[in-house]
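Trainee: Okay, here's the structure, questions in a sec.
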Amino acid sequence: MVAPSLTLGGLGQTVFGLGFVDAVLVIFFFNLLAVLTVCFFSIFGVAFGLRQMVLSRFWFGWWGVKGIAILNVMSCLGWSMVNVIVGAQLLYAVNHNIPGYAGILILAFLTLLITFFGYRVIHMYEKVSLYPPLGVFITIMGVLIKSNDFVNVPMGRGWAELGSVLSFGSTVFGFGTGYTSVAADYTVYQPSDRSRWRIFLATWLGILPTLLFTEMLGAALVTTTYPNDGNNIYKQGYDEANTGGLVAALLFPYAKGWGKVCVVLLALSIVATNCPNIYSVSLTMKVIGAWTDRVPRFAWTIIATVIYVGVSIPAYFFFESFLRNFMTGIGYWLAIYEGIALTDHFVFQRGMIGYQPQNYNLREQLPVGIAAVLAFFCGAAGVALGMSQTWWVGPIARHAGVPPRGGDVGFELGFLFASLGYIVLRYLELYISLMVRLVRLFSG
């Protein structure tokens, strides 16, 4: 229930050229798929009391998980960048005397302040932070209906439509599945005997309805920028400050002073969505190496804040392309991660009974991890074949839409290649490990 979700919903039309109805359908179906892994891995925090990256040792091994942890840190920083840029655009729309870098600094400082107080304060803040943006989104919806400026942009057809649907779907999936790599971090203090279905459904109800509401509202809101005849105030506002300018163009003429309050509240909602990112960075760093334990967790939050602020300020000026590339990039690596983790869970662990959570910190009791690492590269090969970006279009992607851009099927192929590759490689790894133990037994 935050501003970046609103921004994402509008990308279907502004970037991928979809109509309103087909954008809404993509948002609905790809989010249904994306949130399942977040809900599923939330169960593990309850069952084992282990954070997501520590839990990942049971799939990637002691050494392999370090690479996954680095990717997770990069993801958390990237999410933080996306969020503060959207917030800064909103503040700029209210007052042009607040430049982009100032808005970024304000929101980053407030996020850092909350995360300093730790897990329980973050949870308490998240509970109450829902309501102001909810009121703002309802206001936006009401004013949009009253304005009668909504345009039912027609749906496309043919190969061009197929490519746009797949590419926008990849972006939606990357956003919805983004919390997979930190899912268990926020359920570790739940009672271990709590129903797994309750945890799954609670997570599902917390994420999916809010994603659908805000992204579909964003898809409806951005239709006001049509037609682009040079006199469209919504198009002018969007060109000036992206989503912030668009929201301001809608609210200020109708809601006046209350409209400005709404935009400020929407900007401040960024703090709530950034707190989990920065908090999880400090947890993830503990998995990368023993040397990270010598650095206090609060210091990692400061370092992370400095890094993402430093990158956010230049990224502010080419945000739309950055947002698209980042979202799909998140979807790519998380699809590979999910393919390996889910395959190991269902094929090799055969459910929760296959884990020995007490061994989480015993290197010799964990998988070797070579199979998972090699399977990750298999997944990366699948992504390369199916991705469609400005800097690379895979051979399969070219045939999923109109050449040369085609359609993005990178996350689907990444998941498939990683899963199939892991099955073969993990059986081979287990066979070699068995042979090595037998040789040692008989030679000893």
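Trainee: How many residues are open to solvent by 70 Å² or more (accessible area, probe 1.4 Å) and either among the β-branched types (Val, Ile, Thr) or closer than 17 Å to THR210 by Cβ (or both) when one looks only at the range 103-122?
Mentor: 1
Trainee: Among the residues in the range 216-232, are any in a helix (DSSP H, G or I), within 28 Å of ASP185 (Cβ to Cβ) and touching a helix residue (DSSP H, G or I) at 6+ places or on another chain (Cβ under 6 Å)?
Mentor: Scanning the range 216-232, I find at least one residue that is in a helix (DSSP H, G or I), within 28 Å of ASP185 (Cβ to Cβ) and touching a helix residue (DSSP H, G or I) at 6+ places or on another chain (Cβ under 6 Å), so the answer is yes.
Trainee: Has the range 395-414 got any residue that is loosely packed, with under 13 Cβ neighbours inside 10 Å and outside any helix (DSSP H, G or I)?
Mentor: So far as the range 395-414 goes, yes, one or more of its residues are loosely packed, with under 13 Cβ neighbours inside 10 Å and outside any helix (DSSP H, G or I).
Trainee: Taking the conditions exactly as written (open to solvent by 30 Å² or more (accessible area, probe 1.4 Å) and out of contact with any helix residue (DSSP H, G or I) (no Cβ under 8 Å at 6 or more places or on another chain)), does TRP197 satisfy them or not?
Mentor: When the stated conditions are applied, TRP197 passes them.
Residues checked against (1) more than 21 Å from PHE137 (Cβ to Cβ); (2) touching a Lys or Arg at 6+ places or on another chain (Cβ under 9 Å); (3) surrounded by 24 or more Cβ atoms within 10 Å (Cβ to Cβ):
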position: SER5; (1), (2), (3): no, no, yes
position: GLY10; (1), (2), (3): no, no, yes
position: GLY19; (1), (2), (3): yes, no, no
position: PHE40; (1), (2), (3): yes, no, no
position: TRP59; (1), (2), (3): yes, no, yes
position: LEU71; (1), (2), (3): yes, no, no
position: TYR101; (1), (2), (3): yes, no, no
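Trainee: Just wondering, is there one or more residues in the range 170-186 that are within 25 Å of MET74 (Cα to Cα), assigned to a loop (DSSP other than H, G, I, E, B), modelled with pLDDT of 90 or more and not aromatic (Phe, Trp, Tyr)?
Mentor: Checked against the condition, which is being within 25 Å of MET74 (Cα to Cα), assigned to a loop (DSSP other than H, G, I, E, B), modelled with pLDDT of 90 or more and not aromatic (Phe, Trp, Tyr), the range 170-186 yields at least one hit.
Trainee: Inside the range 351-390, can you point out the residues that are open to solvent by 30 Å² or more (accessible area, probe 1.4 Å), in a loop (DSSP other than H, G, I, E, B) and either of a type in the set (Lys, Arg) or more than 17 Å from VAL54 (Cβ to Cβ) (or both)?
Mentor: VAL368, THR390 - these are the residues of the range 351-390 that are open to solvent by 30 Å² or more (accessible area, probe 1.4 Å), in a loop (DSSP other than H, G, I, E, B) and either of a type in the set (Lys, Arg) or more than 17 Å from VAL54 (Cβ to Cβ) (or both).
Trainee: Here's something else I'd like to know. Please tell me if PHE346 is surrounded by fewer than 17 Cβ atoms within 10 Å (Cβ to Cβ), in contact (Cβ under 8 Å) with a residue 60 or more places away in the chain and not hydroxyl-bearing (Ser, Thr, Tyr).
Mentor: So PHE346 does not fit the description; no.
Trainee: Follow-up. Mind checking whether some residue in the range 130-149 is surrounded by 15 or more Cβ atoms within 10 Å (Cβ to Cβ), at pLDDT below 90 and more than 18 Å from VAL281 (Cβ to Cβ)?
Mentor: Within the range 130-149, one or more residues are surrounded by 15 or more Cβ atoms within 10 Å (Cβ to Cβ), at pLDDT below 90 and more than 18 Å from VAL281 (Cβ to Cβ).
Trainee: With THR301, THR273 as the choices, which residue is at pLDDT below 90 and either touching a helix residue (DSSP H, G or I) at 6+ places or on another chain (Cβ under 7 Å) or closer than 18 Å to VAL84 by Cβ (or both)?
Mentor: None of the others qualify; the one that does is THR273.
Trainee: Among the acidic types (Asp, Glu) and in contact with a Pro (Cβ under 9 Å, 6 or more places away or on another chain) - does that describe any residue in the range 291-309?
Mentor: No - not one qualifying residue is present in the range 291-309.
Trainee: Continuing with the same structure: So which residues in the range 225-266 are over 21 Å from ALA88 (Cβ atoms) and open to solvent by less than 30 Å² (accessible area, probe 1.4 Å)?
Mentor: Across the range 225-266, the qualifying residues are ASN232, ALA255.
Trainee: Among the residues of the range 31-41, is there at least one that is modelled with pLDDT of 95 or more and part of a loop (DSSP other than H, G, I, E, B)?
Mentor: Checking the range 31-41: not a single residue is modelled with pLDDT of 95 or more and part of a loop (DSSP other than H, G, I, E, B).
The values are calculated or read from the model by the stated rules, or taken from the named source; none is laboratory data. Model, not experiment: these values are computed from the prediction. Glycine also receives a Cβ, built like all others from the backbone with ideal geometry; neighbour counts cover every protein chain displayed. All accessible areas refer to the heavy atoms of the entire protein, side chains included, with ligands and DNA or RNA removed. Shrake-Rupley method; radii C 1.70, N 1.55, O 1.52, S 1.80 Å.
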